[in-house]
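The values are calculated or read from the model by the stated rules, or taken from the named source; none is laboratory data. These numbers were taken from a predicted model, which means no experiment stands behind them. All Cβ positions, glycine included, derive from the backbone under ideal geometry; neighbour counts span all protein chains shown. Side chains are part of the model used for accessible areas, which takes the heavy atoms of the whole protein and leaves out ligands, DNA and RNA. Shrake-Rupley method; radii C 1.70, N 1.55, O 1.52, S 1.80 Å.
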Amino acid sequence: MKEAKDSGRSVWMRLLRFIIVIIVMLYYPIVMAFVSAEKSEIECNSVVAKIDNRSDDVMITKSDLEQMVLRSWPAIKGTRLDEINLDEMEKTIELSPVVKKCEMYTTPGGVLHVEVTQREPLMHVFAGGGSYYMDSDGNKFIAQRGMKANAIVVNGHVNSAIDDSGLISLCQYIKNNSFWKAQIEQVYVTEKEEFMLVPRVGDHIIEFGKQDRMEEKFEHLLALYQKGWKPKEWNLYKKVNLKYKGQIICTKR
């Protein structure tokens, strides 16, 4: 008797699941058709921008992004939602040098949403009488009014050093280390594509040399700061040379 009840219950459960599946299969097409019909009648009435800032850097503001959309598509307001080519608009916005990724979508209220992930500047380069920012992928974007970034200042013979000297790797290493990010404020590139570092604390220049043995050089420099010099000695030296393996050469004033 118990087995018969269990068997009957199992049949009813399978039937119930089948009915639920059928209802769901019918529900979504109806809803999608309703939404599609609504979209064909709703016009875009506003543009709302959102910037994904993963740091305090500001390469583009919400206002800038909204104005970019309205300048590029001046007739967007009043356009029916189902006539807006979101894929094409995303690709156009991503042509901006400060935009890493763009996603756009519309909502039934007639709002066009524009969400952008901005590029994160690694260096603020001063070269050739001008300046520009550069991210860790080597993308350049011209420094403009309103932009602000906690980027490492780089100057000197920069253009010849970008591709193969390890400049990006050096700046990335500094940025990723909280101590060096706070201590090193400037990188100067010499004609020989060697690096000189300018610290925030201490009246000395660090002759870093090439990018080779980078971690070892920073370890030696940290040991000098923490164990080698007394506080009153920080301003007694004008140069700290890390170029030679196993040595730190400090030159007094």
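Against the criterion of being hydroxyl-bearing (Ser, Thr, Tyr) and part of a helix (DSSP H, G or I), SER131 does not qualify. Scanning segment 181-218 for residues that are under 18 Å from LYS243 (Cβ atoms) and outside any strand (DSSP E or B) yields a total of 15. Restricting attention to segment 56-92, the residues that are in a helix (DSSP H, G or I) and within 18 Å of GLY146 (Cβ to Cβ) add up to 10.
Only one of the listed residues (LYS148, LYS192, LYS175, LYS140) is of a type outside the set (S, T, N, Q) and without any contact (Cβ under 8 Å) to a residue 12 or more places away in the chain. That residue is LYS192.
Looking across segment 27-74, the residues that are more than 30 Å from SER96 (Cβ to Cβ) and modelled with pLDDT of 60 or more come down to SER40, GLU41.
The residues of segment 165-189 that are of a type in the set (Ser, Thr, Tyr) and open to solvent by 30 Å² or more (accessible area, probe 1.4 Å), listed by number, are SER169, TYR173, SER178, TYR188. Condition check for GLU194 on (1) open to solvent by less than 30 Å² (accessible area, probe 1.4 Å); (2) touching a strand residue (DSSP E or B) at 6+ places or on another chain (Cβ under 8 Å): one failure, at (1).
Of all residues in segment 119-161, which are farther than 28 Å from ASP52 by Cβ and of a type in the set (Val, Ile, Thr)? If the condition is that a residue be farther than 28 Å from ASP52 by Cβ and of a type in the set (Val, Ile, Thr), then VAL158 is the only one that fits. Among the conditions (1) among the small types (Gly, Ala, Ser); (2) under 29 Å from the mean Cα position of the chain (by Cα); (3) open to solvent by less than 70 Å² (accessible area, probe 1.4 Å), GLY228 misses just one, which is (2).
When we screen TYR225, TYR244 for residues that are assigned to a loop (DSSP other than H, G, I, E, B) and not aliphatic (A, V, I, L, M), the only hit is TYR244. In the set (1) assigned to a loop (DSSP other than H, G, I, E, B); (2) at negative phi; (3) open to solvent by 60 Å² or more (accessible area, probe 1.4 Å), VAL158 fails one condition alone, (3). Among the residues of this structure, ALA127 does not count as one that is open to solvent by less than 80 Å² (accessible area, probe 1.4 Å), under 16 Å from the mean Cα position of the chain (by Cα) and either of a type in the set (Phe, Trp, Tyr) or at pLDDT below 90 (or both). Per this entry, GLU115 is not counted among residues that are at pLDDT 90 or above and open to solvent by less than 40 Å² (accessible area, probe 1.4 Å).
Results for (1) open to solvent by 80 Å² or more (accessible area, probe 1.4 Å); (2) under 20 Å from the mean Cα position of the chain (by Cα); (3) closer than 30 Å to GLY138 by Cα; (4) free of Cβ contacts under 8 Å to residues at least 60 places away in the same chain, shown as yes or no for each residue.
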residue	(1), (2), (3), (4)
THR61	no, yes, yes, no
LEU65	no, yes, yes, yes
MET68	no, yes, yes, yes
PRO74	yes, no, no, yes
LEU81	no, no, no, yes
LEU86	no, no, yes, yes
VAL98	no, yes, yes, yes
CYS102	no, yes, yes, yes
VAL111	no, no, no, no
